[in-house]
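Working notes, structure below.
The values are calculated or read from the model by the stated rules, or taken from the named source; none is laboratory data. All values derive from a computational prediction rather than experimental measurement. Areas reflect the complete protein model, heavy atoms only, side chains present, ligands, DNA and RNA absent. Shrake-Rupley method; radii C 1.70, N 1.55, O 1.52, S 1.80 Å.
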Amino acid sequence: MKSKFMLAALAGTALVATSALAEDVTLTVESWRNDDLTLWQDKIIPAFEAAHPGIKINFTPSAPTEYNAVLNSKLDAGSAGDLITCRPFDASLALYEADHLAALDDMDAMDNFSDVAKSAWQTDDGSASFCVPMASVIHGFIYNKEAFEELGLEVPTTEGEFFAALEAIKEDGTYIPMAMGTNDQWEAATMGYNNIGPNYWNGEEGRKALIDGEQKLTDEQWVAPFETLAKWADYLGDGFEAQTYPDSQNLFTLGRAAIYPAGSWEISGFNAQADFEMGAFKAPVKAAGDSCYISDHTDIGIGMNASTEHPEAAKTFLTWVASPEFADIFGNALPGFFPLSNAPVDLEDPLAKEFVSWRDECDSTIRSTYQILSRGTPNLENETWGASAAAIKGTKTPEALGEELQSGLESWYAPQQ
């Protein structure tokens, strides 16, 4: 009788243990941000799992340049993770339209984000959202504070002051005035054209007018930034035409250049590499008193694989990503990537605080080429890379560049025809 009781007890214990194990769910996260592996393992995952027992997170990033191809292969094979880190606009929209990303509009947590924040991961008409916004990056200029103090320079706020500072640095000869090359092309567009351009086309006003066909790339406000970029050539140092992106980073962090046209994503790396104090200033306005606009670009989100076997657990994680707790962890562990939720975040990094403070002074916009306008051939984003580099090198006139970009866009984009 006793042995029967013991067997029953053991069987009951086994049943309870099996039930407990059955309740544990492991969610796999796909991402291109392999640089963030330590952040996820040390901060994000422990914080989530502590508050949500029974749900485990496995972060499995791919190499950034391989992510799109690897992810698409996994999705086609049915082996992709439960949660998918989303690049902005068209790449993620294509995944949603292929039924790989689930709609998330039934999640109350989506109310924690502004319309601008959500726009990078919505259908064109805004009727469906398919990724929770995580972070944006802000464009501007990072400068060597010690160099500025040594040369008695003030932080420029207008274009006149900006070029006067560059000229003073050049005349002194101790530093290269500005570290940027044109070899890789993309930085000429990203940290050049789309950095200063919003002050010309009035941010979202101009960007949306271009999408609607109400403005053209041959209009003055779209050509003028190329004219300004052409003036940069005198201040980029010898051999800038062959200078790569890593070359420019090294020139600045080694203290050889005074100014670096930047995105806030550089902050973590520069903090680790530079042994001098840095500051930041936003793109100078054309004249004192002008309204200012900053490129506050929606950069990273996260969505749910429509084929996940654990939709409830996945939505639990996505809801947490939309929370103030996540925003605080992400914003401080990865300075320069700014949480997109409406929850205020008390940032600790001084350079990150400087960048994000511009949101209170200027209107935010996103890169002009990212939404809709680069779906066709020629791809406007890639064409703007070459055009921006050509403007700096002086191989084509700003007017000719505007005409070429406009001709390419209207060759396939109906509102511009």
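Considering only protein heavy atoms and a 1.4 Å probe, what is the carbon-and-sulfur percentage of the accessible area of segment 81-181? Walk me through the intermediate numbers first.
On the way: 1670 of 3810 Å².
So the carbon and sulfur contribution to the accessible surface is 44 percent.
Quick one, can you get me the convex hull of the C-alpha atoms of the chain expressed as volume per residue in Å³?
Taking the convex hull of the Cα positions in the chain, it is 157 Å³ per residue.
Scanning the chain for helices, which whole DSSP H stretches are 24 Å or more long along the axis (Cα) and average 0.0 or more by Kyte-Doolittle?
Passing helices, by number: 2-23.
What does the helix-only formula give at 222 nm for the chain: each DSSP H stretch with n ≥ 4 adding -39500 (n - 2.57), the total divided by the residues, and the result rounded to the nearest 500 deg cm²/dmol?
Theoretical 222 nm ellipticity from helices: -12000 deg cm²/dmol.
If you line up the Cα atoms of segment 256-372 on their principal axes, what length do they span on each, largest first, in Å?
Over segment 256-372, Cα extents along the principal axes are 54, 36, 25 Å.
After finding the eigenvalues of the alpha carbon gyration tensor for segment 117-237, what semi-axes result from the square roots of 5 times each, listed largest first in whole Å?
They are 33, 18, 13 Å, listed largest first.
Could you check how much of the accessible area of segment 320-417 is carbon and sulfur, as a whole percent, using a 1.4 Å probe?
48 percent
Which pairs, out of 74/118; 208/282; 145/216, put more than 28 Å between their alpha-carbon atoms?
Violating the 28 Å limit, Cα to Cα: 145/216.
Just the number please: accessible area per residue for the chain, 1.4 Å probe, all protein chains included, in Å².
So the chain comes to 43 Å² accessible per residue, rounded to a whole number.
Pull up all non-local amide H partners of residue 27: gap of 5 or more, or a different chain, and H-to-H distance under 5 Å with H placed in the peptide plane.
Those lying under 5 Å, H to H, from residue 27 are 56, 57, 58.
Regarding segment 68-136, what is the average projected area of its C-alpha convex hull, in nm²?
4.7 nm²
Counting only protein heavy atoms and a 1.4 Å probe, tell me what percentage of segment 212-296's accessible area is made up of carbon and sulfur.
Looking at segment 212-296 in its full context, I get 43 percent from C and S.
Over the alpha-carbon set of segment 325-417, divide Rg by the Kirkwood Rh and report the Rg/Rh ratio to two decimals. It would help to have the intermediate numbers written out before the result.
Working: Rg = 18.6 Å, Rh = 16.2 Å.
Taking Rh as the inverse mean 1/r over Cα pairs, Rg/Rh reads 1.15.
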